[in-house]
Each structure stands twice: as structure tokens, then as C-alpha cells.
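Everything below concerns the one structure shown next.
Rule-based calculations on the coordinates, nothing more; no lab input. Not measured: the values here are computed from a predicted model. Virtual Cβ from ideal backbone geometry, glycine too; neighbours counted across all protein chains shown.
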Amino acid sequence: MKGLSPEQHQLDLTGQIEKLRSQLSSEQHQIETPTLAYGPHNPLEVDLTLCDTCSGEGVLGQSNADNPKLRWQVRCRCCSKVSGQPTRNPWTAALMWNGVNLQSMRYSELPLFGLTDLSPRDAHERIKGIRANLVLRIALCSAQRQLFNAGGSNRKPGTTYTAKLEAYLMWAMLAHRLIKLAKARPRPQR
Ligand SMILES: [Zn+2]
């Protein structure tokens, strides 16, 4: 960080970590967090939905952009649709692909977060709480990693743990968009 001595930088990060920890353990936050158990599904495993444009299958592959590092992207087998910019992790590309092809998905069918039997309004409340908790936990990991890199700690948050939190957040954002769609879509009359 510019303008801060290494010691000040470490102190600053330690302060951030304290603050995030106390937010996470506050009574208010615990009331607003519906669950920390999102279900047995591994968030790094993502089934690709069909293309909204042509109903073609999405295919996950390595992009051959002129980036020297391995990057992932999903492409439609039939049309020119892609998931977006190539990403470092395959699950990010897969979740981005699903995020731009929402039509054949339903929030109630997601394998995470226990939304199956909830109305769009209740599902929205639940996802809002889950998202807020994930954002805090990811910020805590990031501050802890920075402190480790700055030499101020010998505890580094696990890479897989952090990746899973980030994937859960992407799933939660996907759920949020699907809930919004369901709210806008009139319920079929039975
Ligand atoms: Zn397509």
C-alpha cells in the first residue's frame, strides 16, 4: 500500500481482520444469516445449462487467447455465444456461462442453498443473507492472505477454502438473478 510503512500496512490489515471478525460474530449478523450449510453439492462442480439463443450445448474448453497462462471459457456448440472473458478457473467460466443463459434454469432446481420449496420472496430473503455472509468471509480471507504476504502472519487461508467461498458467491448471485426472473414471470395457472 502506497504511503504506508510495512509496519503500518500490517497494522492496517490486522485492524481490518479484527473488524471483519467482529462483524461476522455479531449477533445482528448471526440473526441475518439464514445458514452456513449450503448443501452437499461441491460448488466447484457446475452443470452447464443450454444456450438461451439456440438451445445448443455449452462446451467448456481452454481458450487460445494469446495469454500465456491457461484460461477457460464456455462456447456454444452451435452458435457464437461464449461465457465472457476467459477465466483462470473452469468453474468460473461455467458459472458465467450459466449466468448468461438463465432461461432454462429455475432457482428452485439449484443444488445449493435450500431454495426448492421457497416462494421467490422467501428465496430472495434467504439468498440476501447468504450473500452478505459470503462477502464478509471472502473479505476476511483476502485480508488474511494480504497479511500473510506482508509477513505479518504465518497463517494463510486455504486456497481451496477461498475458491469455494468465491464459487458459492457466484452461485448465490446466479440464484439471485433467477429469483428476480421468477418474480417477473407470471405463475402458470393450474
Ligand atoms: Zn447457442
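Side notes on the structure shown:
- Here is the figure for segment 9-55: residues that are under 22 Å from Leu140 (Cβ atoms) and either in contact with a Ser or Thr (Cβ under 8 Å, 6 or more places away or on another chain) or charged (D, E, K, R) (or both) total 6.
- So Arg71, is it buried (at least 16 other Cβ atoms within 10 Å of the Cβ), free of Cβ contacts under 8 Å to residues at least 24 places away in the same chain and within 16 Å of the ligand (Cβ to nearest atom): no
- Of all residues in segment 84-121 being surrounded by 18 or more Cβ atoms within 10 Å (Cβ to Cβ) and of a type in the set (Val, Ile, Thr), the one that is nearest to Pro43 (Cα to Cα): Thr92
- Selected residue (only one of Arg155, Arg131, Arg126, Arg121 is without any contact (Cβ under 8 Å) to a residue 24 or more places away in the chain and either in a helix (DSSP H, G or I) or over 17 Å from the mean Cα position of the chain (by Cα) (or both)): Arg155
- Looking across segment 74-107, the residues that are without any contact (Cβ under 8 Å) to a residue 60 or more places away in the chain, of a type outside the set (D, E, K, R) and more than 16 Å from the ligand (Cβ to nearest atom) come down to Gln85, Pro86, Thr87, Pro90.
- Any hit, segment 68-87, residues being hydroxyl-bearing (Ser, Thr, Tyr) and out of contact with any Gly (no Cβ under 9 Å at 6 or more places or on another chain): yes
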